[in-house]
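Right, one structure below, let's go through it.
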Amino acid sequence: MNVRVRFAPSPTGEPHIGNIRTVVFNWLFARQNDGQFILRIEDTDRERYRPETIPVIMDGLRWLGLDWDEGPSQKALEQSGVENARMYAVGGPHGPYIQSERLEMYRQVAEELIERGWAYRCNCTPERLARMRELQRAAGEQVMYDRHCRDLAIPVSPDQPHVVRLRVPLAGETVVHDAIRGDVTFDNGLIDDQILVKTDGYPTYHLAVVVDDHYMEISHVIRGDDWISSTPKRIFIYRAMDWEVPIYCHVPLVNGPDGQKLSKRHGATSITEFHEQGYLPEALFNFLALLGWSPGEGEEREIFSRDELIERFDLFRVSTAPATFSYDKLNWMNGVYIRELPEEELVERLLPFWQRAGLVPDPCPKEMRPKLQRIVPLIQERLKRLDEVAEWTAFMFVQIETPPLERLVPKGMTPEESAEMLQATRDLLAEIEPFEAVTIEQPLRDLTEELGVSVGQLLGTLRWATTNQKATPPLFGTLAVLGRERVLRRLDAAIERVEEGGQGML
RNA sequence: GCCCCCAUCGUCUAGUCUGGUCUAGGACACGGGCCUUUCAAGCCCGCGGCAGGGGUUCGAAUCCCCUUGGGGGUACCA
């Protein structure tokens, strides 16, 4: 069987990370089976339609490495008002891949359904429907369309405003054969006469998705669990048209850390946000693939390359229970991927974050690169997210405040003793040649013995004096990056403060 | 309300289909230790779970029923 799957976002905003996880499953399944992964834009909701989200969605997918084999063409994108349409155009033999450009197909199928007796026109007003529901709720009845227009002696005329509704069988059961959770049975009597075509002539999702999936020859419909209860409606349309029903694979939803729907309040929820917070696409991809799926017995690894995931992924082993999105675990995994990056590569990835923090100009001057190159090994194993580079290294680029007195006088020492220690340190650092991590270390250690102070007292105070931070990258390398001139200047300021403060205390 | 789905450490999960090898394994997080100039990284140790109740069976995390809990659906939104 030729595997053809799709992701069909609605351009009303950015997809939720839970939906993206489902996209990852689709993509993995397609790649593993040498199938096609199709991108289709479902823009039938004209009220919430926001064309500018189309390129944002596409950028996000590409950033995560989720390339599509068929998708909107340049012409289709231009007609939807997308700028730089050429950059996003893919095309394919089953287009157009934007629903608003397929209206004629939906209209024809709707017509066909009416002719075959599987659909009917309805001109009930929204007001009547609202009142009807209110009454039903008050009476404790099942809330659904009362089928007022279903069997009128004189059917609603096509010439007046109307919707088209599905004529759902009144009795019997419909079974959804789901490849992940097995057979799920629904009582037909409880299924509403779904609207297929709205008054504005646009199809609803339920009609459009069936028509598109059919004509695009989709083999497996892999989507969120929230769709399962509307699947019988889809099946009726397939049957009515004598079309083959695709294989349904409903995957569980993803919740936030508190078990509730994932929302902004929990942290990043869209690809754009994860990107901006400094998550690596390969880490996010790895994490998402393992959310609701695992390679199973005998495999205790968590880190898998893209190719390994393509090879091992098993759609039919996807969990049936909803998962909770864990930022803790993602942060850990992102750190693992950051540590695995070659240093030169990490410089490139970090550059935009340094620039965004205003620490490095954009474009980056050539003469600045060696410095960045030297910083990276100092911070590589400390970063969990790329955006943390700013707090770790700001003092290497901009001026610092001279630390308060108490930070410059270590435990067990008087201000005088500390001033003396800092002065000796300054004198020593002024002489060391060349001023590098390897040449700085030993003389400083020797100095602690000479002065009879502990390593912690001397290096701790030196750290505060030169960085004004409690935690920093390794000190000797940090001093080398700062450069002798800057280190001496900061030490002078620190010594001055200790001497002033010391006298003040006497 | 009604319908559907789900249920193993705090979290992601292995094990469930094909009951015994499970005194339930791994990862994240958390606690402790080692290393160490700080923070990390790394290594070692620890904490911690089959939602509850009935069955079936020689034997149940695994099969059945009920309860409870969670999620989803119930639109001229997708």
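Throughout, read-outs are computed from the coordinates displayed, never taken from laboratory work. A quick note: this is a predicted structure, and the numbers were derived from the prediction, not measured. Cβ sites come from the backbone with ideal geometry, for glycine too, and all protein chains shown count toward neighbours.
Among the trypsin sites (Lys or Arg not before Pro) in segment A:426-488, those placed in a DSSP loop whose Cβ has at most 10 other Cβ atoms within 10 Å are A:Lys470. Name the shape class, rounded, prolate or oblate, that the alpha-carbon gyration tensor gives for segment A:169-309, where a ≥ b ≥ c are the square roots of its eigenvalues, rounded holds for a/c under 1.5, and otherwise prolate holds if a/b is larger than b/c and oblate otherwise. Prolate is the answer for segment A:169-309, as a/c is 1.5 or above and a/b outweighs b/c. For segment A:1-99, relative contact order (Cα pairs under 8 Å, six or more residues apart, normalised by length) works out to 29 percent. Taking every DSSP helix (H) stretch of at least 4 residues in chain A, weighting each as -39,500 (n - 2.57) and dividing the sum by the residue count yields a mean residue ellipticity at 222 nm of -13500 deg cm²/dmol. Here is the size of segment A:1-160 from its Cα atoms: Rg then Dmax, 20.2, 57 Å. Peptides A:122-132, A:250-260, A:277-287 ordered by packing proxy, namely the average of other Cβ atoms within 10 Å per residue, highest first: A:277-287, A:250-260, A:122-132. The A:Glu433 and A:Ser326 beta-carbon pair, evaluated with R₀ = 51 Å, returns a calculated FRET efficiency of approximately 0.50. Shape of segment A:170-209 from the C-alpha gyration tensor: oblate (a/c of 1.5 or more and a/b not above b/c, with a ≥ b ≥ c the square roots of its eigenvalues).
Each of A:Glu127 and A:Leu451 was given a label point 7 Å from its Cα along the Cα-to-Cβ line. The distance between the two points is 8.7 nm. Sparse packing (at most 16 other Cβ atoms within 10 Å of the Cβ) combined with a DSSP loop state is found for none of the GluC sites (Glu not before Pro) in segment A:340-387. Here segment A:425-469 has an Rg and Dmax of 10.4, 26 Å, counting Cα atoms alone. Each Lys or Arg adds one and each Asp or Glu subtracts one; over the other residues with Cβ under 10 Å from the Cβ of A:Arg46, this totals -2.
The amide H of A:Ser270, built 1.01 Å from its N in the peptide plane, has no neighbour under 5 Å, considering only residues 5 or more places off or on other chains. For A:Lys411, a cut-off of 22 angstrom between C-alpha atoms picks up these lysines, skipping any fewer than 8 places away in its own chain: A:Lys470. Can you give the relative contact order of chain A as a percent, counting alpha carbon pairs under 8 Å and 6+ residues apart? RCO, chain A: 12 percent.
Classification of segment A:351-421 by its C-alpha gyration tensor yields a prolate form. The axis ratio a/c (a ≥ b ≥ c) is 1.5 or more, and a/b outweighs b/c.
For chain A, give the share of DSSP beta bridges that are antiparallel, in percent and rounded to the nearest 5; count only bridges with both residues there. About 50 percent, rounded to the nearest 5. Electrostatic bookkeeping for A:Leu315 treats Lys and Arg as +1 and Asp and Glu as -1; over the other residues with beta carbon under 15 Å from its beta carbon, the sum is +3.
The order of A:Thr393, A:Thr272, A:Thr185, going from fewest to most other C-beta atoms within 10 Å of their C-beta, is A:Thr185, A:Thr272, A:Thr393. Separation of segment A:327-343 from segment A:233-257 is 36 Å, based on Cα centroids. Translational diffusion coefficient of chain A (Stokes-Einstein, Kirkwood radius from Cα pairs, 37 °C, 0.692 mPa s): 119 µm²/s.
Annotation: extensible slack from A:Met1 through A:Gln136 equals 43.9 nm (criterion: 0.36 nm per residue apart, minus Cα-Cα distance).
In segment A:216-281, one over the average inverse separation of all distinct C-alpha pairs is 14.8 Å, which is the Kirkwood hydrodynamic radius. Between segment A:162-209 and segment A:393-445, how far is it from one alpha carbon centroid to the other, in angstrom? Segment A:162-209 and segment A:393-445 have Cα centres separated by 74 Å. Counting only residues at least eight positions apart within a chain, or on another chain, the lysines with an alpha carbon under 20 Å from that of A:Lys261 are A:Lys329.
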